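The block underneath contains the structure these notes are about, expressed in structure tokens.
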Amino acid sequence: MAATFTSTVEDTTAVTYAARIEHVSKSFPVRGTPGGSQLVLDDITLDVAPGEFVTLLGASGCGKSTLLNLVAGLDRPSAGSIGTDGRPALMFQEHALFPWLTAGKNIELALKLRGVAKPERRQEAERLLGLVRLEGAYGKRVHELSGGMRQRVALARALAQDSRLLLMDEPFAALDAITRDVLHDELTRIWQETGLSVLFVTHNVREAVRLAQRVVLLSSRPGRIAREWTVGIPQPRRIEDSAVAELSVEITEELRGEIRRHGQH
Ligand SMILES: Nc1ncnc2c1ncn2[C@@H]1O[C@H](COP(=O)(O)OP(=O)(O)OP(=O)(O)O)[C@@H](O)[C@H]1O
Ligand SMILES: [Mg+2]
């Protein structure tokens, strides 16, 4: 088995990638089968360039979250190596905000963990709330916010980590289509304004094409890179743009083929 390590590069002078995934495989032990294991990811090699927006697309259960968790350093690969340019920020489908804190204090907590001095936190939290277009929500508690507003706060909190790489796992999947559409626009704008690198997981083909510069399709059982597309459609795009629709049809065909070949979990 190849050497396994996960590295985080802190000296950015020589870094030419935001994330580097090299020959990564991941197996999980099978419960009740001593010594048995299930291969979930098989020999994944993928770079995310600085400032690049990549979407990782695949059927349910193909290993997208597993790969994202490995890049986040939450788990270790069974084989291969992963490097990231600094510590990545994470955003999931569930906002994971602390309900006993206000929106502003949730963000300030991330700033505190980053080492931002107390007197500066309030102003920075307000700035980040402005960036996600939630001016005035500083004192609101989580239960007072709509689903879309909660995801905006979660995005602001992720941005508060000041990471160069943002990892997103179906962050808008639970939102209605209109709210999701608005958040796509906001995410594109923030990505363009900040120069962040984004690795975004979804099983929604339209969403993948709407957002990304590059769409990477994972096969299932085990997850392998099946194909990738460079998306040259100029931003800002609309999800209903004909060019977005056309490429989505092509990618959906390919995804259907993957599901037919391997079955869906
Ligand atoms: N900690 C774990 N232990 C054992 N098996 C796991 C673990 N995490 C994930 N798996 C298995 O790995 C496979 C891939 O799971 P993963 O959550 O990465 O899929 P996914 O592509 O994110 O799916 P979805 O689109 O439904 O979120 C599944 O078969 C799952 O049961
Ligand atoms: Mg998942």
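The values are calculated or read from the model by the stated rules, or taken from the named source; none is laboratory data. These figures come from a predicted structure and were not determined experimentally. Reconstructed Cβ throughout: ideal geometry from the backbone, glycine too, with neighbour counts over all protein chains shown.
Tabulated data
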{"quantity": "Every residue from segment 16-28 that is assigned to a strand (DSSP E or B) and either over 29 Å from Phe200 (Cβ atoms) or touching a residue at least 40 places away in the same chain (Cβ under 8 Å) (or both)", "calculated": "Ala19, Arg20, Ile21, Glu22, His23, Val24, Ser25, Lys26, Ser27"}
{"quantity": "Top-ranked residue of segment 52-66 - restricted to ones that are within 7 Å of ligand 1 (Cβ to nearest atom) and closer than 22 Å to Trp191 by Cα, ranked as surrounded by the fewest Cβ atoms within 10 Å (Cβ to Cβ)", "calculated": "Ser65"}
{"quantity": "Segment 227-265, subset modelled with pLDDT under 95 and of a type in the set (A, V, I, L, M), residue surrounded by the most Cβ atoms within 10 Å (Cβ to Cβ)", "calculated": "Leu255"}
{"quantity": "Residue that is away from ligand 1 (no atom under 16 Å from the Cβ) and closer than 30 Å to Asp47 by Cβ, where the choices are Leu109, Leu166, Leu145", "calculated": "Leu166"}
{"quantity": "Out of Leu155, Leu166, Leu113, Leu109, sole residue that is in a helix (DSSP H, G or I), within 15 Å of Thr194 (Cβ to Cβ) and of a type outside the set (Lys, Arg)", "calculated": "Leu155"}
{"quantity": "Residue count, segment 112-128 (criterion: crowded, with 21+ Cβ neighbours inside 10 Å and either over 20 Å from the mean Cα position of the chain (by Cα) or of a type in the set (Val, Ile, Thr) (or both))", "calculated": "1"}
{"quantity": "Condition broken by Asp11, with the remaining ones in (1) charged (D, E, K, R); (2) within 12 Å of ligand 1 (Cβ to nearest atom); (3) at pLDDT below 95 satisfied", "calculated": "(2)"}
{"quantity": "Test: residue in segment 134-142 that is within 18 Å of Thr179 (Cβ to Cβ), in contact with a His (Cβ under 8 Å, 6 or more places away or on another chain) and either in contact (Cβ under 8 Å) with a residue 40 or more places away in the chain or not assigned by the TED database to the domain that holds Val182 (or both)", "calculated": "yes"}
{"quantity": "Out of Glu250, Glu258, Glu228, sole residue that is free of Cβ contacts under 8 Å to residues at least 60 places away in the same chain and more than 20 Å from the chain's Cα centre (by Cα)", "calculated": "Glu250"}
{"quantity": "Selected residue (only one of Leu131, Leu167, Leu113, Leu101 is out of contact with any Lys or Arg (no Cβ under 6 Å at 6 or more places or on another chain) and in the same structural domain as Ala245 (by the TED database))", "calculated": "Leu167"}
{"quantity": "Filter pass, Thr252 being outside any strand (DSSP E or B) and under 16 Å from Thr55 (Cα atoms)", "calculated": "yes"}
{"quantity": "Top-ranked residue of segment 22-51 - restricted to ones that are of a type in the set (Gly, Ala, Ser) and modelled with pLDDT of 95 or more, ranked as nearest to ligand 1 (Cβ to nearest atom)", "calculated": "Ser27"}
{"quantity": "Residue in segment 129-150 that is out of contact with any helix residue (DSSP H, G or I) (no Cβ under 7 Å at 6 or more places or on another chain) and crowded, with 17+ Cβ neighbours inside 10 Å present", "calculated": "yes"}
{"quantity": "Verdict on Glu94 being part of a loop (DSSP other than H, G, I, E, B), within 15 Å of the chain's Cα centre (by Cα), surrounded by fewer than 22 Cβ atoms within 10 Å (Cβ to Cβ) and modelled with pLDDT under 95", "calculated": "yes"}
{"quantity": "Residue match in segment 214-228 (condition: away from ligand 1 (no atom under 16 Å from the Cβ) and within 17 Å of Pro50 (Cα to Cα))", "calculated": "yes"}
{"quantity": "Members of segment 173-198 found to be under 12 Å from the mean Cα position of the chain (by Cα) and without any contact (Cβ under 8 Å) to a residue 60 or more places away in the chain, listed by number", "calculated": "Leu187"}
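Listed here are the residues, each with its yes/no results for (1) within 16 Å of ligand 2 (Cβ to nearest atom); (2) β-branched (Val, Ile, Thr).
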{"position": "Lys26", "(1), (2)": "yes, no"}
{"position": "Pro34", "(1), (2)": "no, no"}
{"position": "Pro50", "(1), (2)": "no, no"}
{"position": "Ser60", "(1), (2)": "yes, no"}
{"position": "Leu67", "(1), (2)": "yes, no"}
{"position": "Thr84", "(1), (2)": "no, yes"}
{"position": "Ala96", "(1), (2)": "yes, no"}
